[in-house]
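Take a look at the structure below.
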Amino acid sequence: MKTFPRCAWCLGDPEYIRYHDEEWGVPVHDDRLLFEMLILEGAQAGLSWLTVLKRREGYRKAFDQFDAKKIARYDGRKVKALLDDPGIIRNRLKVISAIENAKAFLEAQKEFGSFDKFIWRFVGGKPLAGLRDVPARTEISDAMSRELKKRGFKFVGSTICYAFMQAVGMVNDHAPDCFRAKSGKR
């Protein structure tokens, strides 16, 4: 199997490598996947991305494939079931935030026609070139965080927003020598 130079952060775990090679930094315009990534990035707060990535399928199953309309209707019984589910990170605040975020997500979709139109406007509709020294946050992620919070989203601090921007290809932060640096595409 041929190997390619990659971003150093993904080395050492096959799941990390697959995620890096196939997803990270690829521009996403599908509302369901944008919602999934926003929820997963919020779930990462205080944890490693690999911890969340290894539970991704568990999240998809537990959260109805990230169907925001279904999640927005979750009740106390469903919250209890989620908190008992070993396939996800069982943090009450993060579970409740996913439900609140689904409601806010649906409102943004309604207002803008799609979440894609809403979220990509922060970068003018096209991916930004990354910086040589990758920051934890930027003025753009600060603005995104403020706007999301104003709209009722939770677990969307500036650092989480910047990680989300990287994950969904709003910014291309692949290392300059990474085989994905130039394209950001699959």
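Numbers for the structure displayed
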item: Output for segment 24-75, where each listed residue is of a type in the set (D, E) and at pLDDT below 95; result: none
item: Residue check, R18 among the basic types (K, R) and more than 12 Å from the chain's Cα centre (by Cα); result: yes
item: Test: residue in segment 143-162 that is touching a Cys at 6+ places or on another chain (Cβ under 9 Å) and either β-branched (V, I, T) or within 24 Å of K69 (Cβ to Cβ) (or both); result: yes
item: Residues being on the phi < 0 side of the Ramachandran plot, of a type outside the set (G, A, S) and assigned to a helix (DSSP H, G or I) - total across segment 63-118; result: 29
item: Looking only at segment 127-150, and only at residues there that are open to solvent by 70 Å² or more (accessible area, probe 1.4 Å) and in contact (Cβ under 8 Å) with a residue 12 or more places away in the chain, the one that is nearest to D177 (Cα to Cα); result: R132
item: Residues of segment 69-92 satisfying the condition of being aliphatic (A, V, I, L, M), under 13 Å from I39 (Cβ atoms) and either without any contact (Cβ under 8 Å) to a residue 40 or more places away in the chain or open to solvent by 10 Å² or more (accessible area, probe 1.4 Å) (or both); result: I71, A72, L82, I89
item: Complete set of residues in segment 52-64 that are open to solvent by 40 Å² or more (accessible area, probe 1.4 Å) and over 17 Å from L83 (Cα atoms); result: K54
item: Residue within segment 120-143 that is of a type in the set (F, W, Y), on the phi < 0 side of the Ramachandran plot and part of a helix (DSSP H, G or I) present; result: yes
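The values are calculated or read from the model by the stated rules, or taken from the named source; none is laboratory data. Just so it is clear, the model here is predicted, and its values are computed rather than measured. Quick reminder, even Gly has a Cβ in these numbers, built from the backbone with ideal geometry, and neighbours come from all protein chains shown. Accessible surface areas use protein heavy atoms only, side chains included; no ligands, DNA or RNA. Shrake-Rupley method; radii C 1.70, N 1.55, O 1.52, S 1.80 Å.
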